[in-house]
Amino acid sequence: MNLNIIPVKWSDEGVLMLDQRLLPTEEKWLTLTTYDDVAKGIKDMVVRGAPAIGVSAAYGIALGAKSFVGTNIDDLDEEIDYVSGVLAATRPTAVNLFWAIDRMKKTFQRARSEGKSVNEIKQILVDDAKAIHDEDIESQRLIAQYGGELLNDNDTVLTHCNAGALATGGVWGTALGVIRGAVDQGKHVAVIADETRPYLQGARLTAWELMQDEIPVTLITDNMSGHVMKKGRVQAVVVGSDRIAANGDVANKIGTYMVAVLAKRHGIPFYVAAPLSTVDLNTPTGDEIPIEERDIREVTHVKDIQLAPDEATVSNYAFDVTPNDLVTAIITEKGVARAPYIESLKRQFED
Ligand code: MRU
């Protein structure tokens, strides 16, 4: 394994993002010099995946503060509120976005109450954004370790969407972290990747990412997953999440619910891997998780090729919610949580 994919980086010039819209055919890095560019990068899916969105938003706030001109702390406070609002309006489902914004705002308020100057606060915010990034990578390393132990030698794991290094601060990933963890523990693990219509994160990103690490991966269309399970080709399903409610209901890429139902039908364990920054104890159940709806062009077209009739009525839900009774376990940086999740998830925050 190479373990060297880091999709977002801080630099003196601004935030560097690997443009995930172009993968796998082109590896191009963008330098985003304003918080507005970062917000646009999140909205337009230059960067995507819940933890990666959180890390990017933290860097966006640091950029916003850095470009603030003046010495008045009230004005900086107002600016940070404004920048946070712009970043928060990008994508509604992944709670890591709101978690990171909230943490950066608290860091600002703490520094302010300690009497720091505007210049000192600018540096404190850059440092905290970098700390959020480092902590995210460390969380994925632990998820990899705990989750890897749940897999057996010679298992084939089915995954949906891309919950890899590309979707996080980098290196391990969540669902792909579990697979990398098992490989790191000396097991032979192969992957079946759903292509993940309509945005094709599985085909474009998961297949690419696993091939970089020389982990065997077979790409299938989403409608093949039932068939491969029935044929006995899948020993575990591992997915990531954009938001886990307090009761363990899991929002993740559209189609995840379908895979979970199929896994239950075939007696295959269905694991969810996510850092605690994805667990939202303030959202009691999956019913309260906002589900993003995206441009219908993602469904009617592939790039510039039109697939559907003009003016067809189309829905494009980006996420769905898998009820907790279909979830075998949730793997976080604190360990493996099992039902009843209302208790086990809460306990992980207290540890
Ligand atoms: O729309 P995306 O590509 O941002 O959706 C990503 C997913 O659904 C991932 O599975 C989830 O964010 C977990 S990433 C570790």
task = Report yes if some residue within segment 143-159 is under 15 Å from the mean Cα position of the chain (by Cα), assigned to a helix (DSSP H, G or I) and farther than 23 Å from Leu219 by Cβ; otherwise report no.
result = yes
key: Residues of segment 299-314 satisfying the condition of being in a loop (DSSP other than H, G, I, E, B) and surrounded by 10 or more Cβ atoms within 10 Å (Cβ to Cβ)   = Leu307, Ala308, Ala312, Val314
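Restricting to segment 8-30, give me the number of residues that are within 21 Å of the chain's Cα centre (by Cα) and over 18 Å from Gly169 (Cβ atoms).
Matching residues across segment 8-30 total 5.
Considering only segment 59-102, state which residues are aliphatic (A, V, I, L, M) and within 16 Å of the ligand (Cβ to nearest atom).
Residues satisfying the conditions are Leu87, Ala88, Ala89, Ala94, Val95, Leu97, Ala100.
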ask   = Tell me, which residue of segment 187-212 that is closer than 21 Å to Ile6 by Cα and either more than 16 Å from the ligand (Cβ to nearest atom) or in the same structural domain as Leu18 (by TED's automatic domain parsing) (or both) is surrounded by the fewest Cβ atoms within 10 Å (Cβ to Cβ)?
value = Met211
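Okay, residues lined up against (1) more than 23 Å from Pro51 (Cα to Cα); (2) modelled with pLDDT of 95 or more; (3) more than 15 Å from the ligand (Cβ to nearest atom):
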| site | (1), (2), (3) |
| --- | --- |
| Pro269 | yes, yes, yes |
| Ala273 | no, yes, no |
| Ser277 | no, yes, no |
| Thr283 | no, yes, yes |
| Asp295 | no, yes, no |
| Gln306 | yes, yes, yes |
| Thr313 | yes, yes, yes |
| Ala318 | no, yes, no |
query = What helices (runs of 4 or more DSSP H) lie completely within segment 1-103 and have 3 or more residues being within 21 Å of Asp295 (Cα to Cα)?
reply = 35-43, 73-88
key: Residues that are within 20 Å of the chain's Cα centre (by Cα), of a type outside the set (Gly, Ala, Ser) and outside any helix (DSSP H, G or I), drawn from segment 329-351   = Ile330, Ile331, Thr332, Glu333, Lys334, Val336
inquiry  = Would you confirm, using the coordinates I've provided, whether Ser84 is buried (at least 20 other Cβ atoms within 10 Å of the Cβ), more than 30 Å from His188 (Cα to Cα) and among the polar types (S, T, N, Q)?
reply    = yes
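For (1) among the β-branched types (Val, Ile, Thr); (2) touching a strand residue (DSSP E or B) at 6+ places or on another chain (Cβ under 7 Å), each residue gets a yes or a no:
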| residue | (1), (2) |
| --- | --- |
| Thr206 | yes, yes |
| Val228 | yes, yes |
| Ala245 | no, yes |
| Pro269 | no, yes |
| Ala274 | no, yes |
| Gly286 | no, yes |
| Arg297 | no, no |
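Does Ile254 qualify as being surrounded by 14 or more Cβ atoms within 10 Å (Cβ to Cβ) and within 12 Å of the ligand (Cβ to nearest atom)?
yes
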query = Taking segment 257-267, which residues are aliphatic (A, V, I, L, M) and away from the ligand (no atom under 16 Å from the Cβ)?
reply = Val261, Leu262
query = Is there a residue in segment 13-33 that is among the β-branched types (Val, Ile, Thr), within 11 Å of the ligand (Cβ to nearest atom) and not assigned by TED's automatic domain parsing to the domain that holds Asn252?
reply = no
remark   = Residue pairs qualifying under the 9 Å Cβ cut-off, at least six apart or on distinct chains, with the first in segment 69-84 being aliphatic (A, V, I, L, M) and the second being modelled with pLDDT under 95, are Leu76/Gly70
query = What are the pairs, 6+ residues apart or on separate chains, where a residue within segment 210-227 that is touching a residue at least 24 places away in the same chain (Cβ under 8 Å) has its Cβ under 8 Å from a residue that is hydroxyl-bearing (Ser, Thr, Tyr) and assigned to a helix (DSSP H, G or I)?
reply = Val217/Thr206
message = Could you check segment 264-288 and list, in sequence order, the residues that are hydrophobic (A, V, I, L, M, F, W, C) and surrounded by 24 or more Cβ atoms within 10 Å (Cβ to Cβ)?
response = Val272, Ala273, Ala274, Val279
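The values are calculated or read from the model by the stated rules, or taken from the named source; none is laboratory data. Quantities reported herein were computed from a predicted structural model and do not represent experimental measurements. Quick reminder, even Gly has a Cβ in these numbers, built from the backbone with ideal geometry, and neighbours come from all protein chains shown.
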